[in-house]
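K.L.:
Once you've had a glance at the structure underneath, I'll fire off some questions.
The values are calculated or read from the model by the stated rules, or taken from the named source; none is laboratory data. Please read all numbers here as calculations on a predicted model, not as lab measurements. Here the Cβ is made from the backbone with ideal geometry for all residues, glycine too, and neighbour counts use every protein chain on show. Keep in mind that these areas ignore ligands, DNA and RNA; they rest on the heavy atoms of the full protein, side chains included. Shrake-Rupley method; radii C 1.70, N 1.55, O 1.52, S 1.80 Å.
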Amino acid sequence: MALGDYWKQLSWFYYQYLLVTALYMLEPWERTVFNSLLISVAGMAVYTGYVFMPQHIMAILHYFEVVQ
Amino acid sequence: MSSRSRLTKMTESSANKLLNGDACNRTINEKKSSKNGFVKSHCLFQQPHKYRRTVEKNQNVTPSSSLYKKPFVESFEETPLLVAVLTYMGYGILTIFGYLRDFLRHWNIEKCHVAQEREEQKDFVPLYQDFENFYTRNLYMRIRDNWNRPICSVPGAKIDLVDRVSHNYNWTFEHTGKVVKDVINLGSYNYLGFAENTGACVDASIEVTQKYGVGVGSTRCEMGNMDIHEELEQLVARFLGVESAMTFGMGFATNSMNIPVLTGKGCLILSDELNHASLVLGVRLSGSTIRVFKHNNMQSLEKMLRDAIVHGQPRTHRPWKKILIVVEGIYSMEGSIVRLPEIIALKKRYKAYLYLDEAHSIGALGPNGRGVVDYFDLDSKDVDIMMGTFTKSFGASGGYIGGKKELIDYLRHHSHSALYATSMPPPVVQQIITSMKIIMGEDGTTLGADRIRQLSENTTYFRRKLHDMGFIIYGNDHSPVVPMMLYMPAKIGAFGREMLKRNIGTVVVGFPATPIIESRARFCLSALHTREMLDTALQAISEVGELLQLKYSRHQQPHPSLEWTSEDSQLQD
């Protein structure tokens, strides 16, 4: 079943993430702390990009005199 | 001093003659010396001229190929850059969480299981604040279940482990009462398979126990010198090809208690970078000046010898009383074999002494199992002090030192171990006597020769297969110690646990024993491992390697290989 395969692949990726960042060795509450910090920082970066990217792109195009 | 400062141009044939100790034709060259007195281009072993940027560092640079009768292939593949960066990142995250946990423990938010100073001592110099203790509390404890696993059977090719479980993240363990049976043992130092509970060795030990008892009750110098000790020492001397030998009850103590007897103040000790803790302890206890040369690097050693002879002792510039080179036969963390022919050529040229610690190589290397000297087909009279242990290949415990008769007679009266430590128990002595006779072939069977051949075949097969699978393996192609690189801290714990799930017991090694990013899993092969066991083990290692993404090696993968054939065995019949 395709969904089962995707789930297996995703959990393998999560396992690799745990191994590389050494979260594998930490207790569950420490993993929660680290994951929430990471997700909040990433979320804030995405939100900032979403809010400010149109303005930045217009400013760049204005600088290169592509649009007035 | 003048004969040492005469500079000689060495050719290949004269290098050979030097090895045999004959006089060689000397041609005097006038070369101007540089400002610090070090004259280049007259060394025995030159630096290679071209700088090659290759993936492998320290590949077999053998400038004097006439000294080596067989090809000497060692490889220590470089750490891939991405892996190194990710490893440092992993250690960084663990350090941050370590500080967080220490903070919680300090403010008593969390219960502290670890040793702490008492209230009255809090104003003194702190005991547990250095990096070693931080590492132990916060990194080692989390994966501690991979070490100190209790064993409840003989440590042969298969082993039984006591099942244990931890409910508070490895601070305390409980035994469930069950036993994990028939775990393939890739961790014990059992190179020739003499750690067994049936057979000729055990029967002889039982007889001797019934005759002499188990304890000795005294030191060698007082009342602990039995006739079997004398028999053992003569046998060891015959085995090694030296004039005389002496045995001690403990291998570690052999090194740390005897090096202080041999050297003292005013002597120079040149020891390898990666020497064992017992050698380092003995060398420090002796009080001599210690200089460390790069691991297995003959140019570094030669430069140090030349500087020592030219400049003498540090402030007074008097000549050194003795120069002792301390090396090991096989380095167990790297799997590398010492470059013995080159060291002997250097030692003869610069008139230094050589102390060779054959803890891992005795019995495991060489066509007759006589160690590194046999492997390189050299004369054992060239090595001044041959030391070794009985733990690894003979299935017993204890150590020996072999050499000239005057040296051993001196040691008998002056060694700290002989004066103060109890001598070897009789069953252990008999185990060594029986196993040594089997290896030499004196018991009438071919068991010894068969086991040596089996170990060599296992080594070649296992190393070749692991290399083909794409793992990074360190060391010489003929050494039975196989270190496989893991690098990342989480993979140390994951590898040990996954292998145990697949019923294979391995030893993983991390920081204090290895550099911080180069953690590894170390496999020790044995003559008792059959082809099926090795195949099972290799299959499991490959699975775990895929699961944990351990196949870091960047050389080309060869063809799906041809079956192992008997021509691959390194032994000649």
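K.L.:
Tell me, yes or no, whether segment B:541-556 has at least one residue that is within 14 Å of chain A (Cβ to nearest Cβ), open to solvent by 10 Å² or more (accessible area, probe 1.4 Å), modelled with pLDDT under 95 and under 26 Å from the mean Cα position of the chain (by Cα).
P.N.:
yes
K.L.:
So which pairs qualify, if the first residue must be in segment A:23-34 and within 7 Å of chain B (Cβ to nearest Cβ), the second must be part of a helix (DSSP H, G or I) and small (Gly, Ala, Ser), the Cβ gap must be under 7 Å, and the two must be at least 6 apart or on different chains?
P.N.:
Cβ pairs passing all conditions: A:Tyr24/B:Ala490; A:Tyr24/B:Gly493; A:Tyr24/B:Ala494; A:Met25/B:Ala490; A:Met25/B:Gly493.
K.L.:
If B:Leu301 satisfies every condition in (1) at negative phi; (2) open to solvent by 10 Å² or more (accessible area, probe 1.4 Å) but one, which is the exception?
P.N.:
Here B:Leu301 clears every test but (2).
K.L.:
Taking segment B:386-422, which residues are out of contact with any helix residue (DSSP H, G or I) (no Cβ under 6 Å at 6 or more places or on another chain), crowded, with 24+ Cβ neighbours inside 10 Å and hydroxyl-bearing (Ser, Thr, Tyr)?
P.N.:
The one that is out of contact with any helix residue (DSSP H, G or I) (no Cβ under 6 Å at 6 or more places or on another chain), crowded, with 24+ Cβ neighbours inside 10 Å and hydroxyl-bearing (Ser, Thr, Tyr): B:Ser393.
K.L.:
Return the residues of segment B:106-131 that are in a loop (DSSP other than H, G, I, E, B) and open to solvent by 100 Å² or more (accessible area, probe 1.4 Å); say none if nothing qualifies.
P.N.:
Of everything in segment B:106-131, those that are in a loop (DSSP other than H, G, I, E, B) and open to solvent by 100 Å² or more (accessible area, probe 1.4 Å) turn out to be B:Trp107, B:Asn108, B:Ile109, B:Lys111, B:Gln116, B:Arg118, B:Lys122, B:Asp123, B:Phe124, B:Val125, B:Leu127, B:Gln129.
K.L.:
Hey, another quick one. Which of the residues spanning segment B:75-90 are open to solvent by 20 Å² or more (accessible area, probe 1.4 Å), within 14 Å of chain A (Cβ to nearest Cβ) and in contact (Cβ under 8 Å) with a residue 24 or more places away in the chain? Even if it seems obvious, please write down each step before you answer.
P.N.:
Taking segment B:75-90 as the starting set, the residues that turn out to be open to solvent by 20 Å² or more (accessible area, probe 1.4 Å) are B:75, B:78-79, B:81-82, B:85-86, B:88-89.
If we keep only those that are within 14 Å of chain A (Cβ to nearest Cβ) as well, we get B:82, B:85-86, B:88-89.
Selection gives B:Leu86, B:Tyr88.
K.L.:
Looking only at segment A:18-30, which residues are part of a helix (DSSP H, G or I) and open to solvent by less than 60 Å² (accessible area, probe 1.4 Å)?
P.N.:
Answer for segment A:18-30, where residues must be part of a helix (DSSP H, G or I) and open to solvent by less than 60 Å² (accessible area, probe 1.4 Å): A:Leu18, A:Leu19, A:Val20, A:Leu23, A:Tyr24, A:Met25, A:Glu30.
K.L.:
While we're looking at this one, here's another question. Only one residue in B:Ile492, B:Ile472 is of a type outside the set (Phe, Trp, Tyr) and within 13 Å of chain A (Cβ to nearest Cβ), so which one is that?
P.N.:
Details: B:Ile472 fails: within 13 Å of chain A (Cβ to nearest Cβ).
Testing whether each residue is of a type outside the set (Phe, Trp, Tyr) and within 13 Å of chain A (Cβ to nearest Cβ) leaves just B:Ile492.
K.L.:
Taking the options B:Ser393, B:Ser380, name whichever one is assigned to a loop (DSSP other than H, G, I, E, B) and closer than 18 Å to B:Asn255 by Cβ.
P.N.:
Only one candidate passes the filter, namely B:Ser393.
K.L.:
May I ask you to verify whether B:Asp145 is away from every other protein chain (no Cβ under 11 Å), at pLDDT 85 or above and touching a Cys at 6+ places or on another chain (Cβ under 7 Å)?
P.N.:
no
K.L.:
Moving to a separate point now. For B:Lys465, only one of the following conditions fails: (1) in contact with a Leu (Cβ under 6 Å, 6 or more places away or on another chain); (2) within 20 Å of B:Val373 (Cβ to Cβ); (3) among the basic types (Lys, Arg). What is its number?
P.N.:
Among (1) in contact with a Leu (Cβ under 6 Å, 6 or more places away or on another chain); (2) within 20 Å of B:Val373 (Cβ to Cβ); (3) among the basic types (Lys, Arg), the lone unmet condition for B:Lys465 is (2).
K.L.:
With respect to B:Lys465, is the statement that it is in contact with a Ser or Thr (Cβ under 9 Å, 6 or more places away or on another chain), over 20 Å from B:Val183 (Cα atoms), within 14 Å of chain A (Cβ to nearest Cβ) and not hydroxyl-bearing (Ser, Thr, Tyr) true?
P.N.:
Criteria not met by B:Lys465.
K.L.:
Let me ask something additional. Please determine whether any residue of segment B:513-523 is away from chain A (no Cβ under 14 Å), open to solvent by 10 Å² or more (accessible area, probe 1.4 Å), touching a Ser or Thr at 6+ places or on another chain (Cβ under 8 Å) and within 21 Å of B:Tyr140 (Cα to Cα).
P.N.:
Checked against the condition, which is being away from chain A (no Cβ under 14 Å), open to solvent by 10 Å² or more (accessible area, probe 1.4 Å), touching a Ser or Thr at 6+ places or on another chain (Cβ under 8 Å) and within 21 Å of B:Tyr140 (Cα to Cα), segment B:513-523 yields at least one hit.
K.L.:
Scan B:Phe134, B:Phe103, B:Phe72 and give me the residue that is of a type in the set (A, V, I, L, M, F, W, C) and open to solvent by 60 Å² or more (accessible area, probe 1.4 Å).
P.N.:
On the way: B:Phe134 fails: open to solvent by 60 Å² or more (accessible area, probe 1.4 Å); B:Phe72 fails: open to solvent by 60 Å² or more (accessible area, probe 1.4 Å).
Going through B:Phe134, B:Phe103, B:Phe72 in turn, just one is of a type in the set (A, V, I, L, M, F, W, C) and open to solvent by 60 Å² or more (accessible area, probe 1.4 Å): B:Phe103.
K.L.:
Which of the residues that make up segment B:352-366 are assigned to a loop (DSSP other than H, G, I, E, B) and either in contact with a Phe, Trp or Tyr (Cβ under 8 Å, 6 or more places away or on another chain) or without any contact (Cβ under 8 Å) to a residue 40 or more places away in the chain (or both)? Give the derivation first.
P.N.:
Here is the first cut: in segment B:352-366, the ones assigned to a loop (DSSP other than H, G, I, E, B) are B:352, B:358-366.
Scanning segment B:352-366 gives B:Glu358, B:His360, B:Ser361, B:Ile362, B:Gly363, B:Ala364, B:Leu365, B:Gly366.
K.L.:
Go through segment B:245-351 and tell me which helices (runs of 4 or more DSSP H), entirely inside it, have 1 or more residues that are touching a residue at least 12 places away in the same chain (Cβ under 8 Å), farther than 25 Å from B:Gly371 by Cα and of a type in the set (Asp, Glu).
P.N.:
Counting at least 1 such residues, we get B:298-311.
K.L.:
Of all the residues that make up segment B:167-200, how many are among the β-branched types (Val, Ile, Thr) and part of a loop (DSSP other than H, G, I, E, B)?
P.N.:
Matching residues across segment B:167-200 total 2.
K.L.:
Conditions first: (1) in contact with a helix residue (DSSP H, G or I) (Cβ under 8 Å, 6 or more places away or on another chain); (2) surrounded by 18 or more Cβ atoms within 10 Å (Cβ to Cβ). B:His360 passes all but one, so which condition is the exception?
P.N.:
The one condition B:His360 does not meet is (1).
K.L.:
Residue check, B:Ala200 against (1) over 30 Å from the mean Cα position of the chain (by Cα); (2) surrounded by 13 or more Cβ atoms within 10 Å (Cβ to Cβ), all met but one. Which one?
P.N.:
Checking B:Ala200 against (1) over 30 Å from the mean Cα position of the chain (by Cα); (2) surrounded by 13 or more Cβ atoms within 10 Å (Cβ to Cβ), the one that fails is (1).
K.L.:
Let me confirm something: among B:Arg164, B:Arg144, B:Arg149, which residue is assigned to a helix (DSSP H, G or I) and open to solvent by 30 Å² or more (accessible area, probe 1.4 Å)? Don't jump to the end; show me each part of the working.
P.N.:
Working: B:Arg164 fails: assigned to a helix (DSSP H, G or I); B:Arg149 fails: assigned to a helix (DSSP H, G or I).
Going through B:Arg164, B:Arg144, B:Arg149 in turn, just one is assigned to a helix (DSSP H, G or I) and open to solvent by 30 Å² or more (accessible area, probe 1.4 Å): B:Arg144.
K.L.:
Just give me the residues in segment B:523-554 being more than 18 Å from B:Pro80 (Cα to Cα) and assigned to a loop (DSSP other than H, G, I, E, B), in sequence order.
P.N.:
Step one: list which residues in segment B:523-554 are more than 18 Å from B:Pro80 (Cα to Cα), which gives B:523-544, B:547.
Of everything in segment B:523-554, those that are more than 18 Å from B:Pro80 (Cα to Cα) and assigned to a loop (DSSP other than H, G, I, E, B) turn out to be B:Leu525, B:Ser526, B:Ala527, B:Leu528, B:His529, B:Thr530.
K.L.:
For the list (1) in contact (Cβ under 8 Å) with a residue 12 or more places away in the chain; (2) in a helix (DSSP H, G or I); (3) of a type in the set (Gly, Ala, Ser), I need the number of the one condition that B:Gly369 fails.
P.N.:
Every listed condition holds for B:Gly369 apart from (2).
K.L.:
Residues that are modelled with pLDDT under 95 and in contact with a Pro (Cβ under 7 Å, 6 or more places away or on another chain): does segment B:223-230 have at least one?
P.N.:
Yes, segment B:223-230 has at least one match.
K.L.:
Next up: Could you please find all residues in segment B:507-517 being in a loop (DSSP other than H, G, I, E, B) and within 17 Å of the chain's Cα centre (by Cα)? Outline the logic, then answer.
P.N.:
From segment B:507-517, those in a loop (DSSP other than H, G, I, E, B) are B:510, B:514-517; that's our starting set.
Answer for segment B:507-517, where residues must be in a loop (DSSP other than H, G, I, E, B) and within 17 Å of the chain's Cα centre (by Cα): B:Gly510, B:Thr514, B:Pro515.
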